[in-house]
1. Tell me whether the chain comes out rounded, prolate or oblate; compute the Cα gyration tensor, take square roots of the eigenvalues as a ≥ b ≥ c, and use a/c under 1.5 as the rounded threshold.
2. In whole Hz and in residue order, list the ³J(HN,Hα) couplings for the stretch 28-42 that follow from phi through the Karplus curve 6.51 cos²θ - 1.76 cosθ + 1.60, θ = phi - 60°; x for Gly and Pro.
3. How large is ³J(HN,Hα) for each residue in the stretch 175-182, as worked out from phi by the Karplus curve 6.51 cos²θ - 1.76 cosθ + 1.60 (θ = phi - 60°), to whole Hz, x for Gly and Pro?
4. Among 109-117, 22-30, how do they line up by average Cβ neighbours within 10 Å per residue, starting with the highest?
5. Leaving ligands, DNA and RNA out of it, report the carbon-plus-sulfur percent of the accessible area of the chain at a 1.4 Å probe.
6. Over the Cα atoms of the stretch 82-200, what is the Rg over Rh ratio if Rh follows Kirkwood?
7. Once both labels are modelled 7 Å past Cα along the beta-carbon direction, what's the LEU100-GLN3 spacing in nm?
8. Restricting to Cα pairs below 8 Å that are 6+ residues apart, what does the relative contact order work out to for the chain? Please round to a whole percent.
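The values are calculated or read from the model by the stated rules, or taken from the named source; none is laboratory data. Keep in mind it's a predicted model, so treat the numbers as computed, not measured. Every residue, glycine among them, receives a Cβ derived from its backbone with ideal geometry; neighbour counts consider all protein chains shown. Just so you know, the surface numbers come from the protein's heavy atoms only, side chains and all, with ligands and any DNA or RNA stripped out. Shrake-Rupley method; radii C 1.70, N 1.55, O 1.52, S 1.80 Å.
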Amino acid sequence: MQQRNYQREMDALIASLDVRPRLLLHSCCGPCSSACLERLAPHFDIDVFFYNPNILPAEEWEKRLFWQKRLLEAAPFGKDVGLIVPERDEAAFRHAAAGLEGESEGGARCTECFVLRLSRTAAAAREGGYDFFATTLTVSPHKNAPLINAIGEKLAGEHGVFWLPSDFKKRDGYRRSIALSHEYGLYRQSWCGCGLPEDL
């Protein structure tokens with residue numbers, strides 16, 4: 001069975017647009033959102049949805065939010081982008097991760113974390129009347145893009161809002177995110193956020 005090319009699917013969808021749809025873009029941090037926003041901003045009216053209860057400790061969450069805001073203020077592609085910041089809700093992540101504390105990155109804990117964050121994004125997209133929702137998570141070479149897209153598509157059906165397929169690491173997206181992070185002096189963290197198992 002041939003693997004889907006989610007980046008190509010997104011390109012085809014964008015090429016078919018005759019209006020500027022509204023997009024709710026889940027973002028984990030400024031660096032990951034940088035290349036994604038640069039690619040999407042010419043085609044969508046975007047609000048960034050910074051929902052990341054997995055980011056521990058609270059000081060790290062605040063630092064990443066600060067640099068997310070800084071990117072939107074500094075970059076030309078962030079000029080007309082809104083920012084929505086729900087409460088951090090660490091308890092929701094701890095509940096989702098319960099029993100999976102020993103899992104390594106990329107395992108079952110990551111899957112539950114993707115479901116948690118994208119479920120909240122899908123619900124907010126429906127409530128806010130957005131045309132699409134998406135996530136910056138696929139820009140990372142450490143994240144499973146087919147899994148993330150499968151979760152997004154399932155949630156789209158449950159919430160009645162369209163999922164924007166993506167694999168933002170394609171077409172040098174990850175490399176571009178690094179270049180933009182350097183250009184705007186962004187803080188780039190060295191882990192996804194949930195910390196070591198003993199911290200959970």
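1. Working: a/c = 1.43, a/b = 1.20, b/c = 1.20.
Rounded, because the longest to shortest axis ratio a/c is under 1.5.
2. Calculated HN-Hα couplings, in order: 8, 5, x, x, 5, 6, 4, 5, 5, 5, 4, 6, 8, 4, x Hz.
3. Values, residue by residue: 4, 5, 5, 5, 4, 5, 4, 5 Hz.
4. Ranking the peptides 109-117, 22-30 by packing returns 22-30, 109-117.
5. Carbon and sulfur: 52 percent of the exposed surface of the chain.
6. Radius of gyration over Kirkwood radius for the stretch 82-200 works out to 0.97.
7. Going from the LEU100 label point to the GLN3 one covers 2.2 nm.
8. Relative contact order, the chain: 30 percent.
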